[in-house]
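The values are calculated or read from the model by the stated rules, or taken from the named source; none is laboratory data. The structure displayed is predicted, hence computed values, not measured ones. FYI the Cβ positions are ideal-geometry reconstructions off the backbone, even for glycines, and counts take in every protein chain you see. Calculation scope for accessible area: heavy atoms of the full protein, side chains included, ligands and nucleic acids excluded. Shrake-Rupley method; radii C 1.70, N 1.55, O 1.52, S 1.80 Å.
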Amino acid sequence: MLQKKPQDWPEPIVRVQSLSESCFDSIPDRYIKPPSDRPSSSAPFDQSNIPIIDLRSLFGTDAKAHAATLAQISEACRDWGFLQIVNHGVSPELMDKARETWREFFHLPMENKQQYANSPKTYEGYGSRLGVEKGAILDWSDYYFLHYLPLSLKDYNKWPALPPSCREVIDEYGREVVKLCERLMKVLSVNLGLEEEFLQNAFGGYDVGACLRVNFYPKCPRPELTLGLSPHSDPGGMTLLLPDSEVPGLQVRKLDTWITVKPAPHAFIVNIGDQIQILSNAKYKSVEHRVIVNSDKERLSLAFFYNPKSDIPIAPAKELVTPEQPALYQPMTFDEYRLFIRMMGPRGKSHVDSLKSPR
Ligand code: OGA
Ligand code: NI
């Protein structure tokens, strides 16, 4: 079983942004990945991309177009576990404003950011590592993590006070993205052959969890030796990622290669998390992804995690369990599940695999 919750980091925290400003042609050993994990071991540049899907018809009355969009989403969920959506209803101005506000935050003087330094107890605030294993090899990124929902966990004092518009922008962004997530939950339910409200109910109704992780990937003098974020699947329900508008970096695993996502303008990248893999009895899979860095441009992304209510058991939908397709996972609450990643950090798909029912 899992050990007790960690109280503090096992070693002093170093901000990657500070390292980036002081390292000119080398990086500390702590960030050097073993050769098999380095980005250079991936396939050469290739032309494929995750599917780009226009959601316009979901807001209209043309039933045929609506059904066609649902079919496209269904295919992307099954084949990729990842899709990009455009014309999704969130205003492009708000998306730009959210990115700009957070870029400003990361460019504040260090003392302004340090006052929000996080601990592994809740991870809220300004952080530079995931996992508490002493001596672990670290990723080349800093982040800011905060709770948007449930309201009982939402605490403005844990959100940055600067830049002055920050809290207001996060609030507005959160509201719009939650609406979009609610819509996607219906689409996914119907596509799985379930009642429209199925996934939302399984998540505990509308009193779900939602959190934002803003990732900041500073320039790196030796990008071929490290990763901005190690391979992982997202532990929660579903993720809406707003990537950097100019700098690519996200790679998605497709069989044995890593595909670099080419973001479409003002698209969100949507991916299935471990909890929907479990609820769907693996009809949909959470797919591994990682982030590479580069030597001449920093990169910023906003990952919005839409999660089940944290204290209810999540298990395969009984409608999707048959004698031919027995339940693949044992029930577990998201609170319990999240401890895996909070202790051990990003580890491919080992966390969800460890829930497999004994055969
Ligand atoms: C994440 C993530 C990808 C990115 O935060 O879980 O996968 O492009 N981010 O920053
Ligand atoms: Ni992720």
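Provide the FRET efficiency to the nearest 0.05 for the Asp296-Thr257 pair, computing r from the beta carbons and using R0 = 25 Å.
0.50
Please report, as a whole percent, how much of the solvent-accessible surface of the stretch 294-359 comes from carbon and sulfur atoms (probe radius 1.4 Å).
Percent of accessible area from carbon and sulfur atoms in the stretch 294-359: 56.
With charges set only on the Cβ (+1 for Lys and Arg, -1 for Asp and Glu), what does the dipole of the chain come to about its Cα centre, in debye to the nearest 20?
Approximately 600 debye in magnitude.
How far, in nm, would the chain grow between Met110 and Ser26 when pulled straight, counting 0.36 nm per residue and subtracting the alpha carbon separation?
That works out to 28.0 nm of additional length.
With the chain treated as a Gaussian network of Cα nodes joined by springs under 10 Å, which of His147, His289, His66 yields the largest mean-square fluctuation?
The residue with the greatest mean-square fluctuation here is His66.
Skip the ligands, DNA and RNA, and give the accessible area per residue of the stretch 16-353 with a 1.4 Å probe, whole Å².
That works out to 42 Å² for each residue.
Can you list the residues, at least 5 places off or on another chain, whose amide H is less than 5 Å from the amide H of Trp258, using H built in the peptide plane?
Ala43
Give me the extension gain from Gln7 to Glu319: residue separation times 0.36 nm, minus the current Cα-Cα distance, reported in nm with one decimal.
Here the segment from Gln7 to Glu319 would lengthen by 108.3 nm.
Viscosity 0.692 mPa s, temperature 37 °C: Stokes-Einstein D of the chain from its Kirkwood Cα radius, in µm² per second?
For these conditions, the coefficient is 157 µm²/s.
Using a 1.4 Å probe on the protein heavy atoms, what percent of the accessible area of the stretch 153-242 belongs to carbon and sulfur?
Roughly 52 percent of what the probe reaches on the stretch 153-242 is carbon or sulfur.
Which one of Leu300, Leu108, Leu255 has the biggest mean-square fluctuation once the chain is modelled by GNM with Cα springs under 10 Å?
Leu255
Note down the nm distance, to one decimal, between modelled labels 7 Å out along Cα→Cβ at Ser354 and at Ala161.
3.9 nm
Which of Lys154/Lys349; Lys318/Lys349; Lys121/Lys262 have a Cα-Cα distance over 26 Å?
Where the Cα-Cα span goes over 26 Å, the pairs concerned are Lys154/Lys349; Lys121/Lys262.
Considering the dipole of the stretch 16-353 built from charges on the beta carbon (Lys and Arg +1, Asp and Glu -1) around the Cα centre, which of Leu302, Pro35, Ile85 is farthest to its positive end?
My answer, from the dipole projection, is Pro35.
Compute the semi-axes of the equivalent ellipsoid of the stretch 248-325, taking the square root of 5 times each eigenvalue of the Cα gyration tensor, and list them largest first in whole Å.
Values for the stretch 248-325, descending: 31, 16, 10 Å.
Sequence gap at least 6, Cα distance under 8 Å: using those rules, report the relative contact order of the stretch 16-353 to the nearest whole percent.
After rounding, I find 23 percent.
Evaluate the distance, in nm, between pseudo-label points positioned 7 Å from the Cα of Ala71 and of Ala117 along their respective Cα→Cβ axes.
Here the modelled spin labels are 5.7 nm apart.
From the helices alone, meaning DSSP H stretches of at least four residues, give me the mean residue ellipticity at 222 nm for the chain, per-run term -39500 (n - 2.57), in deg cm²/dmol to the nearest 500.
-8000 deg cm²/dmol
Provide the gained length on full extension for the span Lys179 to Glu336, in nm with one decimal, where the gain is 0.36 nm per separating residue minus the Cα-Cα distance.
Contour length minus the Cα-Cα distance gives 53.9 nm.
Can you tell which of Pro92, Pro263, Pro12 shows the greatest fluctuation in a Gaussian network model of the chain with Cα springs below 10 Å?
Pro12
Using a 7 Å offset from the Cα along the Cα-to-Cβ direction at both Ser152 and Asp37, what is the distance between the two label points in nm, to one decimal?
Going from the Ser152 label point to the Asp37 one covers 3.6 nm.
Which of the trypsin sites (Lys or Arg not before Pro) found in the stretch 172-275 are loop residues per DSSP with 12 or fewer other Cβ atoms within 10 Å of their Cβ?
none
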